[in-house]
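Below is one structure, written out as structure tokens; comments come after it.
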Amino acid sequence: MIKLKTQEQIKTLREGGKILAEILDLVIEYIKPGITTGELNDYAESLIAKFKGEGSFKNYKAAWAEKAYPASLCVSLNNEVVHGIPDHKRKIDEGDIVSLDCGLIYKGLYTDMAKSVGVGKVSKEARKLMSVTEEALMAGIEKIAPDVKLSEISKTIQGVIEKSRFSVVRQLVGHGVGFSAHEDPQIPNYLSRSFPEVILKPGMVLAIEPMVNAGGWEVDTLDDGWTIVTADDSLSAHFEHTVAVTEKGFEILTLR
């Protein structure tokens, strides 16, 4: 069931989204070769506390997971698509793609955001992959307006990605957000009859998040039960914004 948000609730989500965007930007500025993924999570958690928020990922128990997620920040490197678990023994190297995904609870409401960045000098393929993934996100967002079919977003995102000969991850999708970390509707980044058609209405709040692989779309799950990796070991990138459907179009809530 899709739950619409009031203007007052969207105002709070806007406040929380602005904070989340600042947190993610500060964590990105903190990245350098030699730092550990665990240190990035520690820094993110200190920022969340500073802004009087709460990390929505920490201790989150997905229906398919055997154990709860142990951190506030997902840090996924290179061939890791999403849900990489931070580790104080795992160092980030020059040339890595680092994908950061973070959820924030602020005044009881949830926002979600992700960015992928390159560390130092990265490969041409990595730069293109990140650029196309962000381009696909923004193209999908620009389709959002009242009475538009959700499948138009999916079709647009898929078109941008496949035009560049990259692959859309199919086992993972975007989602509604606001009252909880994950709500209806599910938002695939590709056209599929497996998902019910949804007509957008003002008050919907959506987490749009293309996950894109340089190789094939297939993915695997590591033994930790959370980290999703490309099946062919190719690079992956991930971008996400929380977006409200407005009377006239859309508003990206996760902006500084």
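Backbone phi angles across region 222-234, fed through the Karplus curve with coefficients 6.51, -1.76 and 1.60 (θ = phi - 60°), yield HN-Hα couplings of 6, 5, 6, x, 10, 5, 9, 10, 5, 5, 9, 6, 6 Hz in residue order; Gly and Pro are listed as x.
Each Lys or Arg adds one and each Asp or Glu takes one away; over the other residues whose Cβ falls under 10 Å from the Cβ of Cys74, this sums to -2.
Can you tell me how region 123-163 classifies by the Cα gyration tensor, rounded, prolate or oblate, using a/c under 1.5 as the rounded cut? Don't skip to the answer; put the middle values down first.
Details: a/c = 5.36, a/b = 2.62, b/c = 2.04.
Judged from the Cα gyration tensor, region 123-163 comes out prolate (a/c at least 1.5, a/b above b/c).
Estimated from helical segments only, the mean residue ellipticity of the chain at 222 nm is -9000 deg cm²/dmol, where each DSSP H run of four or more residues counts as -39500 (n - 2.57). Label region 122-256 by shape, choosing from rounded, prolate and oblate, from the square roots a ≥ b ≥ c of the eigenvalues of the Cα gyration tensor; if a/c is under 1.5 it is rounded, and otherwise prolate applies when a/b is larger than b/c, oblate when it is not. The shape class here is prolate.
Taking region 1-113 on its own, what percent of its Cα-Cα pair distances exceed 18 Å?
That tail contains 51 percent of the Cα-Cα pairs.
Let a ≥ b ≥ c be the square roots of the eigenvalues of the Cα gyration tensor of region 87-153; is it rounded (a/c under 1.5), or, if not, prolate (a/b larger than b/c) or oblate? It comes out oblate by the Cα gyration axes.
Pick out, in residue order, every one of the trypsin sites (Lys or Arg not before Pro) in region 1-55 that is DSSP loop and has at most 16 other C-beta atoms within 10 Å; say none if there are none. Show your work: numbers first, answer last.
Numbers: sites: Lys3, Lys5, Lys11, Arg14, Lys18, Lys50, Lys52; in loops: Lys3, Lys5, Lys52.
When the trypsin sites (Lys or Arg not before Pro) of region 1-55 are filtered for loop state and at most 16 Cβ neighbours within 10 Å, Lys3, Lys52 remain.
When each of the peptides 209-218, 117-126, 240-249, 193-202 is scored by the mean number of other C-beta atoms lying within 10 Å of its residues, the order from highest to lowest reads 209-218, 240-249, 117-126, 193-202.
Full extension of the chain between Thr6 and Thr246 gives 85.3 nm of extra length, using 0.36 nm per residue less the Cα-Cα distance. Measuring against 19 Å, Cα to Cα, the residue pairs Lys149/Lys201; Lys128/Lys149; Lys18/Lys107; Lys115/Lys149; Lys18/Lys155 contain Lys128/Lys149; Lys115/Lys149; Lys18/Lys155 as the ones spanning a longer distance. Compute the FRET efficiency between Ser194 and Lys50 as 1/(1 + (r/R0)^6), taking r as their Cβ-Cβ distance and R0 = 51 Å, and round to the nearest 0.05. According to the calculation, E is roughly 0.75.
Just flag the trypsin sites (Lys or Arg not before Pro) in region 60-109 sitting in loop per DSSP whose Cβ has no more than 13 other Cβ atoms within 10 Å.
On the way: sites: Lys61, Lys67, Lys89, Arg90, Lys91, Lys107; in loops: Lys61, Lys67, Lys89, Arg90, Lys107.
Those that pass, being in a loop and sparsely packed, are Lys61, Lys67, Lys89, Lys107.
Relative to one another, the C-alpha centroids of region 1-71 and region 166-211 are positioned 19 Å apart. Straight-line cross-link reach from Lys32 at under 16 Å between alpha-carbon atoms covers these aspartates and glutamates, not counting any fewer than eight positions away in the same chain: Asp42, Asp87, Asp93, Glu94, Asp96.
No value in this document is a laboratory result; all are computed from the given coordinates. Predicted, not measured: the structure shown is a model, and the values here were computed from it. We place every Cβ from the backbone using ideal geometry, glycine too, and count neighbours over all the protein chains shown.
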